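Asker: So that we are looking at the same thing, I have put the structure below in structure tokens.
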């Protein structure tokens, strides 16, 4: 794979729970160094909001450390969705960056429901709290009219950070098109809501995810030791960053399950199905502007609730023991989103502990993912990106439930960083199948795997 002169790309990867700056070696397509920090939410000010000042200091410190160790050639950015920066005429925040789990937008839910576009236009399901970005902006404009009147530009969250780095304002379709109500995926343009609310003139200019916005600002170069000519690329929504490498050269059909706080399933070249917005299916927009049938649930949050962080891989004996019992978990551990948003989880056959709990939780998440994939018409192999790629019981049960191969993606801790780094590679990135070194899991031969999946489906 030839990547011209760019090899070491620093990827600023801000997830809902944690943030990191990863150094990606494009020749090896791997993360070779990483700095991490929790993504804190502050409770001061007008509403809960992300601590962007602390994140900015973390980003500068991390870029400096990585540059001293490896000499950075470029910077790219990927972040979670459903967040926007409302900037005043001086380029500063007119209002804090709202935490999408805050329930403030619910105060105007009825008015927003009357104003929002139909699902057929935007592919956006109606979601609770601030999970529709349009609902956030609608509420902020009315709850804080004086501050909102100072808004001169609206930038999606990845482009807020590229603006801080390069001084160039931009927007990009993957963040505009992820259940925001702001993007008409059929027309490839802003939705009717944007025009009705007068937001179009506030939106930063549209650029492609792989556009080179410019070099780092002089004060960024001074603070980090970066070469003043280091380029900054426009950036991308995190789930679409996971998808991007496979769009480049993997034959259709296939699906990608991007795992983290959220499990986002995306079908490429699958069966034509009617999406059901009541089950958290939606239309994402990929880096090339094309619609992608998708479904989501808060799987990483659920796994942390059930098992905790840093749990070890369960033994084969524990896996067999759960398969041979009636123990299973029904949805949903995290209510309010996902294919069973209004159901409350129940343990059937007793609530396990230790390794058995890890196995049963992994099986639950696999069945939830299999349900999501079915709802979006997924066909072909399923590539699992992110933390769940290392969870073998999850992969085996997902293969059993879908009766299709599951590929645990490559060597990188998260595919989001690799995908975001490839934005800096240009057309040279298409000469190899990314993630082809991942372990493939065929549907298990043992009948007990299929029987467990059948029992789970019957239980719900």
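Asker: Residues to consider are 314, 293; find the one that is over 16 Å from residue 365 (Cβ atoms), over 14 Å from the mean Cα position of the chain (by Cα) and either outside any loop (DSSP other than H, G, I, E, B) or in the same structural domain as residue 454 (by TED's automatic domain parsing) (or both).
Answerer: Being over 16 Å from residue 365 (Cβ atoms), over 14 Å from the mean Cα position of the chain (by Cα) and either outside any loop (DSSP other than H, G, I, E, B) or in the same structural domain as residue 454 (by TED's automatic domain parsing) (or both) holds for just one of 314, 293, which is 293.
Asker: Among the strands (runs of 3 or more DSSP E) lying completely within the stretch 1-99, list those that include at least 2 residues that are touching a residue at least 12 places away in the same chain (Cβ under 8 Å), out of contact with any helix residue (DSSP H, G or I) (no Cβ under 8 Å at 6 or more places or on another chain) and in the same structural domain as residue 183 (by TED's automatic domain parsing).
Answerer: Details: elements: 8-14, 18-25, 30-38, 74-79, 84-87, 93-95.
The strands (runs of 3 or more DSSP E) meeting that bar are 18-25, 30-38.
Asker: Can you tell me which of (1) under 23 Å from the mean Cα position of the chain (by Cα); (2) crowded, with 24+ Cβ neighbours inside 10 Å; (3) in contact (Cβ under 8 Å) with a residue 40 or more places away in the chain is the one residue 400 doesn't meet?
Answerer: The number of the failed condition is (1).
Asker: Moving on. Would you confirm whether any residue within the stretch 193-208 is crowded, with 18+ Cβ neighbours inside 10 Å, in contact (Cβ under 8 Å) with a residue 24 or more places away in the chain and within 16 Å of residue 231 (Cβ to Cβ)?
Answerer: The answer is yes, given that some residue of the stretch 193-208 is crowded, with 18+ Cβ neighbours inside 10 Å, in contact (Cβ under 8 Å) with a residue 24 or more places away in the chain and within 16 Å of residue 231 (Cβ to Cβ).
Asker: Any residue that is more than 30 Å from residue 425 (Cα to Cα), surrounded by 19 or more Cβ atoms within 10 Å (Cβ to Cβ), modelled with pLDDT of 95 or more and out of contact with any helix residue (DSSP H, G or I) (no Cβ under 7 Å at 6 or more places or on another chain) - is there at least one of those in the stretch 103-122?
Answerer: yes
Asker: Looking at (1) out of contact with any strand residue (DSSP E or B) (no Cβ under 7 Å at 6 or more places or on another chain); (2) farther than 24 Å from residue 294 by Cα, can you tell me which one residue 127 breaks?
Answerer: (2)
Asker: Quick one: would you say residue 363 is assigned to a loop (DSSP other than H, G, I, E, B), surrounded by 14 or more Cβ atoms within 10 Å (Cβ to Cβ), in contact (Cβ under 8 Å) with a residue 60 or more places away in the chain and assigned by TED's automatic domain parsing to the domain that holds residue 264? Don't jump to the end; show me each part of the working.
Answerer: Numbers: assigned to a loop (DSSP other than H, G, I, E, B): no; surrounded by 14 or more Cβ atoms within 10 Å (Cβ to Cβ): yes; in contact (Cβ under 8 Å) with a residue 60 or more places away in the chain: yes; assigned by TED's automatic domain parsing to the domain that holds residue 264: yes.
Against the criterion (assigned to a loop (DSSP other than H, G, I, E, B), surrounded by 14 or more Cβ atoms within 10 Å (Cβ to Cβ), in contact (Cβ under 8 Å) with a residue 60 or more places away in the chain and assigned by TED's automatic domain parsing to the domain that holds residue 264), residue 363 does not qualify.
Asker: Quick one: how many residues across the stretch 374-392 are outside any loop (DSSP other than H, G, I, E, B) and under 19 Å from residue 245 (Cβ atoms)?
Answerer: 8
Asker: Looking only at the stretch 214-250, count every residue that is part of a strand (DSSP E or B) and surrounded by fewer than 22 Cβ atoms within 10 Å (Cβ to Cβ) and tell me the total.
Answerer: Matching residues across the stretch 214-250 total 3.
Asker: Go through the stretch 6-29 and count every residue that is at pLDDT 95 or above and on the phi > 0 side of the Ramachandran plot.
Answerer: Counting residues in the stretch 6-29 that are at pLDDT 95 or above and on the phi > 0 side of the Ramachandran plot gives 0.
The values are calculated or read from the model by the stated rules, or taken from the named source; none is laboratory data. Computed from a predicted structure; not experimentally measured. As a convention, Cβ positions derive from the backbone with ideal geometry for all residues, glycine included, and neighbour counts pool all protein chains shown.
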